[in-house]
Amino acid sequence: MSDADFPIVIFHNPACGTSRNTVAMVRAAGYAPQVVEYLQAGWTRDQLRDLADRAGLTLRQLLREKGTPADELGLLAEGVDEARLLDAMVEHPILVNRPIVVTPKGVKLCRPSEEVLDLLDRRPESFTKEDGEVVKL
């Protein structure tokens, strides 16, 4: 099976260790994923809604709080609706948690990075994260 038969897209933030480990794990499994640096590429409303729906997550579950303006924007308060979250995520891409991985097996927010293994047809022979943790495969 070629990569064309098993396309992988990773919505990636290169400043995030979990995201970097996910990309590296997919590559170690022998895939050449399409890596989208979403902080540069941005998001569309339809794209975010589709990814959340396919991952079985609400937009609140995709919201990243740490290191983002979520609190200052009032997004952590009770009762903030999905439309407001979606608008904020499109305007401030950093508000979307990462990495989000899309394969023919599904869509997942891969935190921790090992979550990506459920989306792959093959696994790396071994994998050690940046921090030295050995992933049990």
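The values are calculated or read from the model by the stated rules, or taken from the named source; none is laboratory data. None of these values were measured; they are calculated from a predicted model. Glycine gets a Cβ as well: all are built from the backbone with ideal geometry, and neighbour counts include every protein chain shown. Protein only, heavy atoms only, side chains kept; ligands, DNA and RNA dropped before computing areas. Shrake-Rupley method; radii C 1.70, N 1.55, O 1.52, S 1.80 Å.
The length gained on full extension between residue 123 and residue 5, counted as 0.36 nm times the residue separation minus their Cα-Cα distance, comes to 40.9 nm. Express in whole angstrom the spacing between the alpha-carbon centres of segment 110-137 and segment 36-54. After rounding, the separation between the Cα centres reads 24 Å. As a length-normalised measure over Cα pairs under 8 Å and 6 or more apart, the relative contact order of segment 1-55 settles at 37 percent. Taken along the Cα-to-beta-carbon direction at a fixed 7 Å, the label points for residue 58 and residue 32 span 4.2 nm. Which percent of the accessible heavy-atom area of segment 17-137 goes to carbon and sulfur, probe 1.4 angstrom? C and S atoms contribute 46 percent here. In segment 85-135, Rg over Rh equals 1.09, where Rg is the alpha-carbon radius of gyration and Rh the Kirkwood radius from pairwise Cα distances. The Cα trace of segment 1-58 gives Rg and Dmax of 12.6, 33 Å, the first to one decimal, the second as a whole number. The calculated FRET efficiency for residue 40 paired with residue 83, based on their beta-carbon distance and R0 = 25 Å, is about 0.50. A simple spin-label model places the labels of residue 65 and residue 94 1.8 nm from each other, with each point 7 Å out along Cα-to-Cβ.
Of all DSSP beta bridges confined to the chain, the antiparallel ones make up roughly 70%. Ignoring lysines fewer than eight residues from residue 66 along the same chain, the ones with Cα atoms less than 24 angstrom from its Cα are 108, 129. Taking all protein chains as shown and a probe of 1.4 angstrom, residue 11 keeps an accessible surface of around 20 Å².
Accessible-area rank, largest first, for 91, 130, 82: 91, 130, 82, with all protein chains present and a 1.4 angstrom probe.
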